[in-house]
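Here the structure is laid out as structure tokens; the discussion comes afterwards.
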Amino acid sequence: MKIRIKFAKEGAMKFIGHLDMMRYFQKVMRRANVNIRYSEGFSPHQIMSFAAPLGVGLTSRGEYVDIEALSTDSSQEMLRRINAAMTEGVEALSYRRLPDSAASAMSIVAAADYTLCFREGYEPGNWEDFAAGLTEFLKRDSILVLKKTKKGERETDIRPWIYGLEILPDRRLRMRVAAGSVANLKPELVIQACLKEQGKELSEFALLIHRDEVYANCGEEGSPIFRPLEDLGEDIE
């Protein structure tokens with residue numbers, strides 16, 4: 001059966017890279033006695049895939065890993081066992097069974113929510129001017145930036161990939177942007193582009209970024225309906 005696990009990655013664990021997190025979860029599955037399915041062949045490995053790699057230095061409470069299990073206890077019991085095997089900074093938040101026909105989390109990721117704030121000492125000189133400039137900036141039909149790709153850099157219009165941005169009263173920003181293999185936008189690129197328009201630069205370590213949720217698009221082209229990946233499964237009683 002297909003299982004989707006939602007987890008948080010916080011604290012010092014934000015400095016652990018994606019490949020190390022994969023190895024970490026393989027050990028957790030063994031320690032928690034999860035009856036996970038292994039591939040066949042000369043070098044069997046656990047059937048496991050992650051939704052969207054999280055950048056080093058980012059925290060999140062919206063990470064996902066899909067596994068295939070040969071058998072399972074209830075969601076509540078499996079969460080207890082998995083969390084007992086976790087280290088500080090990583091917590092399993094949900095454990096849900098998927099339909100047999102469900103696509104992998106990696107293949108359906110379409111958007112992600114982020115909360116951003118400036119580190120102390122890196123804030124814009126005048127927050128009100130920055131916020132007003134950001135609001136005007138997002139009214140544009142097109143926002144062209146140089147985006148790094150595997151083949152170098154190319155000019156890309158990122159405006160269609162910004163699905164929403166809210167300026168919170170406590171000087172934080174909440175943003176929903178495209179994510180996944182088809183289109184992927186780092187939230188700091190939006191802030192970088194806005195500051196550049198204002199004649200300023202974004203320092204490399206200016207932002208604290210937290211990923212809140214990852215979504216699949218369950219709507220049609222041109223009319224997206226974003227649903228959290230965990231909503232596509234159901235708890236096991």
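Quick look at the values:
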| read-out | value |
| --- | --- |
| With Cα atoms, 0 to 90° folded angle of helix 187-197 axis to the chain main axis | 10 |
| Highest-first arrangement of 172-181, 216-225, 43-52, 110-119, where packing means the average Cβ count within 10 Å | 110-119, 172-181, 43-52, 216-225 |
| Rounded tilt (10° steps) of 18-31 against the dominant C-alpha axis of the chain | 30 |
| Spacing of the two label points (7 Å from each Cα toward its C-beta) at M1 and N33, in nm | 1.8 |
| Hz values of 3J(HN,Hα) by residue in the range 151-161 - Karplus curve (6.51, -1.76, 1.60), Gly and Pro given as x | 9, x, 10, 8, 6, 9, 8, 8, 4, x, 8 |
| Distance-filtered residues of the range 176-217 - backbone nitrogen under 18 Å, label point 7 angstrom along D129 Cα→Cβ | 192-203 |
| Restricting the range 204-237 to chymotrypsin sites (Phe, Trp or Tyr not before Pro) in coil, as DSSP defines it, with at most 12 other Cβ within 10 Å | F205 |
| R0 of 25 Å, Cβ-Cβ distance E10-R174: FRET efficiency to nearest 0.05 | 0.90 |
| Contact order relative to length of the range 1-92, as percent, for alpha carbon pairs under 8 angstrom and 6 or more apart | 48 |
| Cα centroid separation - the range 167-235 against the range 17-40, whole Å | 28 |
| Mean Cβ neighbour count within 10 Å, used as a protection proxy, ranking 34-40, 120-126 highest first | 34-40, 120-126 |
| 0 to 90° range, to nearest 10: angle between helix 127-137 axis and the chain longest Cα axis | 80 |
| Net lengthening on full extension, Y122/E136 (0.36 nm per residue, minus Cα-Cα) | 2.9 nm |
| Sequence-separation-based contact order of the chain, relative, with Cα cut under 8 Å and 6+ spacing, percent | 26 |
| Integer Hz, Karplus 6.51/-1.76/1.60 couplings in order for the range 106-111, x for Gly and Pro | 4, 7, 10, 4, 10, 7 |
| Sequence ranges 73-86, 137-150, ranked by mean other-Cβ count within 10 angstrom, highest first | 73-86, 137-150 |
| Counting DSSP beta bridges with both ends in the chain, the antiparallel % (nearest 5) | 95 |
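Read-outs: derived from the displayed coordinates by stated rules, not from any lab. Only a predicted model underlies this, so the values are computations on that prediction, with no experimental measurement involved. Cβ: placed from backbone, ideal geometry, glycine included. Neighbour counts: every protein chain shown.
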